Amino acid sequence: MPELLPVLSKEEIQEKVARLGQQISADYKDEQLVLIGVLKGAFVFMADLVRSIHLPVEIDFITASSYGHCDHSSGDVQVQDDLRIDIRDKHVLIIEDILDTGLTIQRLIACLSCHQPRSIRVCACIDKTERRQTDLRPDYWCHRAQQGFLVGYGLDYAEQYRQLPAIYHLQFSASEGKK
Ligand code: XMP
Ligand code: MG
């Protein structure tokens, strides 16, 4: 079994999410804001964040995937654009679990732009910088990590660990290797 090394505790996440919610509430005061969560990874972060934002907001989800059951992006990002809200002329905040290469967000921004929103910004729970292949950075983030495969708080490895309330670095032993 791979080892779980603590990165962010439940309490640290709570504090960071609350601060992010305050910042977003101040930045979008009196604006029409739509939060779009990226499934599946963002579902836990989105649920906490939305309760820390003290503004009327609309909520929707979009599905993106590029990983399958391994720990590196295939680069071939699949987006299922099944938005149920009209985002035209509204401010959109994309809620992601983690920004890694940046390819998913790049593809999502391109898809969502077609609906002509007033603006698009990105909020990622984790900004993981080492493998970035675009010049995109999140406008809002809770934690910046250089590297490592992270799990918990919605983040998975082969669909496991999403339910953990804290965030961990998944450490494989040399003999286990990774898929
Ligand atoms: P890109 O590379 O497109 O990746 O920025 C974004 C998506 O890849 C997944 N991802 C991870 N998932 N632990 C995870 O559980 C990680 O360390 C990790 N790095 C990238 C994630 O789904 C994200 O939306
Ligand atoms: Mg994701």
Scan segment 128-146 and tell me whether some residue there is of a type in the set (Asp, Glu) and within 13 Å of ligand 2 (Cβ to nearest atom). no
Quick check on my filter: what residues within segment 136-179 are over 12 Å from the mean Cα position of the chain (by Cα), within 22 Å of GLN14 (Cα to Cα) and of a type in the set (Phe, Trp, Tyr)? PHE149, TYR161, TYR168
Is it true that SER175 is surrounded by fewer than 23 Cβ atoms within 10 Å (Cβ to Cβ), among the hydroxyl-bearing types (Ser, Thr, Tyr), at pLDDT below 95 and more than 18 Å from ALA64 (Cα to Cα)? yes
Got at least one residue in segment 94-110 being more than 13 Å from ligand 2 (Cβ to nearest atom), in contact with an Asp or Glu (Cβ under 8 Å, 6 or more places away or on another chain) and part of a strand (DSSP E or B)? no
Can you tell me how many residues in segment 1-55 are in a loop (DSSP other than H, G, I, E, B) and either modelled with pLDDT under 95 or surrounded by 15 or more Cβ atoms within 10 Å (Cβ to Cβ) (or both)? 10
Within segment 111-120, track down each residue that is hydrophobic (A, V, I, L, M, F, W, C), surrounded by fewer than 17 Cβ atoms within 10 Å (Cβ to Cβ) and away from ligand 2 (no atom under 16 Å from the Cβ). CYS114
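Please specify each residue of segment 72-118 satisfying the condition of being near ligand 1 (Cβ under 10 Å from one of its atoms), under 24 Å from ASP48 (Cβ atoms) and charged (D, E, K, R). Even if it seems obvious, please write down each step before you answer.
Of the residues in segment 72-118, the ones near ligand 1 (Cβ under 10 Å from one of its atoms) are 72-75, 77, 96-108.
Filter once more, keeping what is under 24 Å from ASP48 (Cβ atoms): 96-100, 102, 104-105, 108.
Selection gives GLU96, ASP97, ASP100.
Can you pull out every residue in segment 56-70 that is surrounded by fewer than 16 Cβ atoms within 10 Å (Cβ to Cβ) and either within 16 Å of ligand 1 (Cβ to nearest atom) or under 17 Å from the mean Cα position of the chain (by Cα) (or both)?
So the first thing to find is which residues in segment 56-70 are surrounded by fewer than 16 Cβ atoms within 10 Å (Cβ to Cβ), and the list is 56, 58-60, 63, 68-70.
Answer for segment 56-70, where residues must be surrounded by fewer than 16 Cβ atoms within 10 Å (Cβ to Cβ) and either within 16 Å of ligand 1 (Cβ to nearest atom) or under 17 Å from the mean Cα position of the chain (by Cα) (or both): ILE59, ASP60, THR63, GLY68, HIS69, CYS70.
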Considering only segment 147-166, state which residues are within 14 Å of ligand 2 (Cβ to nearest atom) and part of a strand (DSSP E or B). LEU150, VAL151, GLY152, LEU155, TYR157
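The values are calculated or read from the model by the stated rules, or taken from the named source; none is laboratory data. On a predicted model such as this, the values are computed, not experimentally measured, just so you know. Here the Cβ is made from the backbone with ideal geometry for all residues, glycine too, and neighbour counts use every protein chain on show.
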